[in-house]
Amino acid sequence: MPRIIDSRNWSLTHKQWRSAHQCVEHDDVNLLAIGAQIIGVNVAQEIVTAFLAATFSTDPDFRRRVAKLRDMEIAGAKELLGD
């Protein structure tokens, strides 16, 4: 299941690239949404470059947190499907 980061929730600072990078590194995010009316082309390029360059951390804390999220997603899907 995709873990989604929505750039519309960011405060517009000079460090958006860090948020994009950390979302992949810490939360294994694999989908990026950028609001065209909110973020300019240059900043969008910075964000996408950082997002694509990032890799999921091997830190056990991050891995454990993502496993918990996955378990919650699966439980929610089963509940919706009536399983």
- Item | Residue tally, condition over 15 Å from the mean Cα position of the chain (by Cα) and farther than 13 Å from Ser19 by Cα, over region 36-66 | 13
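Could you list, in sequence order, the residues of region 35-83 that are part of a helix (DSSP H, G or I) and of a type in the set (Gly, Ala, Ser)?
First, the residues of region 35-83 that are part of a helix (DSSP H, G or I): 41-53, 60-81.
Matches in region 35-83: Ala44, Ala50, Ala53, Ala67, Ala75, Gly76, Ala77.
Computed from the coordinates by the stated procedures, all read-outs in this text should not be read as laboratory data. Everything numeric in this text was worked out from a predicted model, so none of it was measured.
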